[in-house]
Amino acid sequence: MLLTINIGNSSLRFGLFNNNSYNLKCNHSWIINSNPHRSLDEYILLFRNIYQQYGILSKLIRKIVIGSVVPPLTNIVKQSLYEIHKIKPVIVDRYSASPIKHFSHQLGTDLYANAIASYTLYKNKKTTLVVDFGTALSLTCTDNKYRKLQGVIIAPGVNSSLTSLIGNTAQLSQIELKKPPSILGQYTETCIQSGIIYGYISMVEGLINRINQELKTNCFVIATGGLSHIYAPLTKKIHIKDKLHTIKGLKILFHWNQ
């Protein structure tokens, strides 16, 4: 089995795959909060407890790949997994070999993985666009015909905006992130929900329209990230939702670098 880990600013997403390079079906997936203050022993115990919870036999994991945008976490996660499996994880990033060309060595590994997964999974589409509702909101566009990364848009993430708003607003408790009953709110909570939900989906739709106009095409749009399940049903501009899209890209990168 191949264990993939995407280390982000807010969370770590894990995926367990068969080691066949053509099989992108994820057998198990789980997520934990990013915490730079956990010790090595705490991570080892946490990972072992998760294996026990899901009935995963650690000896069946033969290879490990990590993609990370949080360098301080990369090493401790790598060390923790080595202590459990005695396997040296493969670290993939924007410098790794891949099936597509890109323009920048500043590109985050998650964005690179998103582009590679969209190219591999949707080769029949001329242009793909991955909308990642993660710590940041990102839109990653890939020209599949010419096998190149077309460009990226990055905006503040949903949770970051909500936390900032609540933190600077007196007498507000934690707002639940869900679709409000109407576009115009009647209470403070539903007013904020409307702004965060409909404001962000309107921004996403507007950016998709502008990208399509600039490229003179209609991109095939994939939604991923922890909040994609909230936003994808609210628009016809998103064609498919896949919360595991990024770790599928990491799996593809792993096989390209063997």
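The values are calculated or read from the model by the stated rules, or taken from the named source; none is laboratory data. Model, not experiment: these values are computed from the prediction. Note that we place each Cβ from the backbone using ideal geometry, even for glycine, and neighbour counts take in every protein chain shown. Note: accessible area is taken over every heavy atom of the protein model, side chains too, but ligands, DNA and RNA are not part of it. Shrake-Rupley method; radii C 1.70, N 1.55, O 1.52, S 1.80 Å.
General observations
- Annotated for region 85-212: lysine pairs at least 8 residues apart or interchain, Cα distance under 30 Å, count 12.
- Contour excess over end-to-end distance, with Cα ends at ILE87 and SER39 and 0.36 nm allotted per residue: 15.3 nm
- Counted over all Cα-Cα pairs of region 119-258, pairs farther apart than 27 Å make up 28 percent.
- Three principal axis lengths of region 77-156 [C-alpha, angstrom, descending]: 44, 29, 22
- Point-to-point label distance, TYR187-GLU214, nm (Cα→Cβ direction, 7 Å offset): 4.1
- Cα Rg, Dmax (largest Cα-Cα span) when computed across region 1-142, Å: 15.5, 47
- Cleavage-rule hits, GluC sites (Glu not before Pro), region 136-208, DSSP coil, Cβ neighbours within 10 Å at most 16: GLU176
- Across all directions, the average projected area of the convex hull around the alpha carbons of region 1-52 is 4.0 nm².
- Note that region 140-154 has calculated 3J(HN,Hα) couplings of 10, 9, 10, 8, 6, 5, 9, 6, 9, 6, 7, x, 9, 10, 10 Hz, one per residue in order, obtained from phi through the Karplus relation 6.51 cos²θ - 1.76 cosθ + 1.60 (θ = phi - 60°); glycine and proline are x.
- Base-10 log of normalised Debye intensity for region 110-179 (one unit scatterer per alpha-carbon) at q = 0.19, 0.22, 0.23 Å⁻¹: -0.73, -0.86, -0.90
- Annotation for region 65-119: trypsin sites (Lys or Arg not before Pro) lying in DSSP loop with at most 10 further Cβ atoms inside 10 Å of their Cβ are LYS86.
- Accessible surface of the chain, 1.4 Å probe: 50 percent of it comes from carbon and sulfur atoms.
- For region 57-129, the solvent-accessible area works out to 49 Å² per residue, with a probe of 1.4 Å and every protein chain left in place.
- Going through [x] 31, 25, 15; [y] 28, 21, 17; [z] 38, 20, 17, the figure that equals semi-axes √(5λ) of the Cα gyration tensor in Å as computed for the structure here is [x].
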